[in-house]
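First up is the structure itself, then whatever we jot down about it.
The values are calculated or read from the model by the stated rules, or taken from the named source; none is laboratory data. Here the structure is a predicted model, which means the values were calculated and not measured. Glycine gets a Cβ as well: all are built from the backbone with ideal geometry, and neighbour counts include every protein chain shown. Note: areas computed on protein heavy atoms with side chains; ligands, DNA, RNA excluded. Shrake-Rupley method; radii C 1.70, N 1.55, O 1.52, S 1.80 Å.
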Amino acid sequence: MNDLAPQHETPGNDVSRDRGSAQAQRIALGFTLAAIGLAGWSLFPSFPAGQLIAVVTVIPLLALILTLRFPGRFRIGLGAGYAAANLGTGCIVAAGTLAARTLSDINLVSWLPLTAFAIAAAIIFLIVAARFETQLRRRGWRLLLAALFVGAYAFGALGQFNTALDRSAPALLRSRVLAKHLGHSRLATYQVTLEPWGPFARPSEAHVPQALYEQLQPGDTVCLGLRDGAFRMAWFGVAACR
């Protein structure tokens, strides 16, 4: 009788496992579609940067929580052929969106500290993943690609939080618009060239909102708010002088 017990339990366990796997696949699909939808929305000027950037930042963290909580049902990876539902695509989209919006929305005095942090995060991931993730280690290009997107996520997240959490008082300066032009990417970006001011000894580029871009003309004076940054990465905003 004891020998028969596992045979009676196996079909029920298989059905439960199949249901759990199907549910995980649906969650992963919704997760991916949500990330793609947010990324697509970010291409339009109506994109509410503050709210959606917060959501896109949370997406990879949520994927990590699901993977750690249900390791047999979810994974964060590249490629198909695995039983666990893959949350990697949504994470990649979120990381790319964060990095792109940081590059197109934020005016840093120097991009070097943020870039160095992103490279360091990618290298640390590369070392840890090569040590513990055998599937990634067997395919070197997947490991490098995963490290690239980890770096992009670190770049975008730290850049956004550096401005969002900044409580420093702005130093108010002035400059003059030398030229203006649209960004060269698929994102809706508006840029002006400013004559030397404050920390810049040469003409510099700055991103501005669409309404301000349409208002400004070469020769106009603009007011600049220079801030320290929550993580000591100085940044500035551009506004019309009153």
*Residues with amide H under 5 Å of Gly183's amide H, sequence separation 5 or more or different chain, H placed in the peptide plane at 1.01 Å from N; which?*
Thr189, Tyr190, Gln191
*Leaving ligands, DNA and RNA out of it, work out the accessible area of Ile106 with a 1.4 Å probe and give it in Å² to the nearest 10.*
10 Å²
*Mind listing the phi-derived Karplus ³J(HN,Hα) values for the stretch 217-222, rounded to whole Hz, using 6.51, -1.76 and 1.60 with θ = phi - 60°, and x for any glycine or proline?*
9, x, x, 6, 8, 10
*How much accessible surface does Leu61 have with a 1.4 Å probe, in Å² rounded to 10?*
90 Å²
*Solvent exposure, largest accessible area first (probe 1.4 Å, DNA, RNA and ligands not counted), of Glu214, Glu205*: Glu214, Glu205
*Give the long-range amide H neighbours of Val109: residues separated by 5 or more places, or on another chain, with amide H under 5 Å away, using H modelled in the peptide plane at 1.01 Å from N.*
Ala234, Trp235, Phe236
*Once you have a ≥ b ≥ c as the square roots of the Cα gyration tensor eigenvalues for the stretch 147-242, tell me rounded if a/c is under 1.5, and otherwise prolate or oblate according to whether a/b is larger than b/c.*
oblate
*Assuming R0 = 25 Å, what is the FRET efficiency of Thr193 and Leu172, from their Cβ-Cβ distance, to the nearest 0.05?*
0.75
*List the relative contact order of the stretch 194-242 as a percent without decimals, with contacts defined as Cα pairs under 8 Å and 6+ residues apart.*
29 percent
*Taking a probe of 1.4 angstrom, what is the accessible area of Phe70 in Å², to the nearest 10?*
70 Å²
